[in-house]
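*Asks:* Next up is a structure, given as structure tokens.
The values are calculated or read from the model by the stated rules, or taken from the named source; none is laboratory data. Computed from a predicted model, the values in this text were never measured in an experiment. As a convention, Cβ positions derive from the backbone with ideal geometry for all residues, glycine included, and neighbour counts pool all protein chains shown.
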Amino acid sequence: MVPMIHGTDGRLEEDVTDEPAKPAALQGVDRVLTVLEAFAGQAEWRVSDLAKHLGMHKAVTHRIVRSLEARHYLEQAEARGSYSLGPAAVALGRAAGRRAPRTAARRHLIRLAEQTGEVVLFYTLRGHRYVCVERLDINAETAVTVEIGDTIGLNAGAGKTLLAYQDERFLQEVLAAPLPRYTDRTPTDPDAIRDSLARIRAEGVWVSDGEITPHTVGVSAPVWDTEGEVRYCVCVTMLDRRVDERRLASVSAAVQDTATAVSQSLGYREGGTER
């Protein structure tokens, strides 16, 4: 219903002081954002190529690009006649990257806990180990012993999901040091660990069985930040007696979807600098 107010002559009139934006204005905003988003997938664009890529009229694209350039969201490389992101856009990206990952992830983690009914853990890389920074239990029957603040060796459980995306020098340093053993299923052989890391990079998800806590299965997936680095991961842990092939597939998909959502909340865009 349109809100009404009393006019100066006492008659009721439509209240347009809080009128929603016109469709044309919204369309203009959408076009500007579409142009900016194109630079997330490709560093430089010529106006003609950008217009063709977006299916927009060249004159409209040129007008938007010039406006963004005037506000320093884009800058022109004069020698090449192309445009790239300017300092204002870079500043926004950095601000997004500084957003507390735990805060950015929490709503997605809550949804995952509600969806699976299992314990959800959020880990971050810390030196040559990893630490739990969030744990959610929503009506979950569990034997999980990991609590917020606990640090764990990267050779165990979800740690391999973090380790899989670090550079070779870091990997060598981790594998050259004494590797902790938490259960009789904790892997400590460097070659076996490397094989697991290759699988994680190929599949984007890792399933561990009793590597930290006996009789539990953990499913973890990497979280990419705005720099295209993996410093966080999402994990669901459940009792092994409740796990079958169908359940494992369902939870794995949910964990990967959540990790993708958290990555996007941290400013990551697919097609960036992922290794």
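*Asks:* Within the range 26-63, take every residue that is closer than 15 Å to LEU74 by Cα and of a type in the set (Asp, Glu) and give me the one that is farthest from the chain's Cα centre (by Cα).
*Replies:* Top of the filtered list is GLU44.
*Asks:* Taking the condition in contact with a His (Cβ under 6 Å, 6 or more places away or on another chain) and either farther than 30 Å from ALA221 by Cβ or in a helix (DSSP H, G or I) (or both), does ALA88 pass?
*Replies:* Criteria met by ALA88.
*Asks:* Does GLU134 meet the test of being part of a strand (DSSP E or B) and either modelled with pLDDT under 85 or within 16 Å of PRO222 (Cα to Cα) (or both)?
*Replies:* Taking the combined requirement at face value, the residue satisfies it.
*Asks:* Taking the condition among the basic types (Lys, Arg), at pLDDT 95 or above and farther than 13 Å from ALA156 by Cβ, does ARG199 pass?
*Replies:* When the stated conditions are applied, ARG199 passes them.
*Asks:* ALA105: part of a helix (DSSP H, G or I), surrounded by 13 or more Cβ atoms within 10 Å (Cβ to Cβ) and modelled with pLDDT of 90 or more, yes or no?
*Replies:* Yes, satisfied.
*Asks:* Being part of a strand (DSSP E or B), closer than 16 Å to VAL243 by Cβ and out of contact with any helix residue (DSSP H, G or I) (no Cβ under 7 Å at 6 or more places or on another chain) is the filter here; which residues of the range 110-131 pass it?
*Replies:* Hit for the range 110-131 is VAL119, nothing else.
*Asks:* May I pose another question? Does ALA253 fit the bill of being crowded, with 17+ Cβ neighbours inside 10 Å, more than 24 Å from LEU175 (Cβ to Cβ) and assigned by TED's automatic domain parsing to the domain that holds TYR165?
*Replies:* So ALA253 fails the test.
Here's the yes/no breakdown for (1) in a helix (DSSP H, G or I); (2) surrounded by 15 or more Cβ atoms within 10 Å (Cβ to Cβ); (3) in contact with a helix residue (DSSP H, G or I) (Cβ under 9 Å, 6 or more places away or on another chain); (4) in the same structural domain as ILE148 (by TED's automatic domain parsing):
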{"site": "ASP184", "(1), (2), (3), (4)": "no, no, no, yes"}
{"site": "PRO187", "(1), (2), (3), (4)": "no, yes, yes, yes"}
{"site": "ILE193", "(1), (2), (3), (4)": "yes, yes, yes, yes"}
{"site": "ALA221", "(1), (2), (3), (4)": "no, yes, yes, yes"}
{"site": "TYR232", "(1), (2), (3), (4)": "no, yes, yes, yes"}
{"site": "ARG241", "(1), (2), (3), (4)": "yes, no, no, yes"}
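*Asks:* Output the qualifying pairs, or none if there are none: Cβ atoms under 7 angstrom, residues six or more apart or on different chains, first residue in the range 226-239 and in contact (Cβ under 8 Å) with a residue 24 or more places away in the chain, second residue of a type in the set (Asp, Glu).
*Replies:* Filtered contacts from the range 226-239: GLY228/GLU274; ARG231/ASP225; VAL236/GLU118; THR237/GLU118; MET238/GLU118; LEU239/GLU141.
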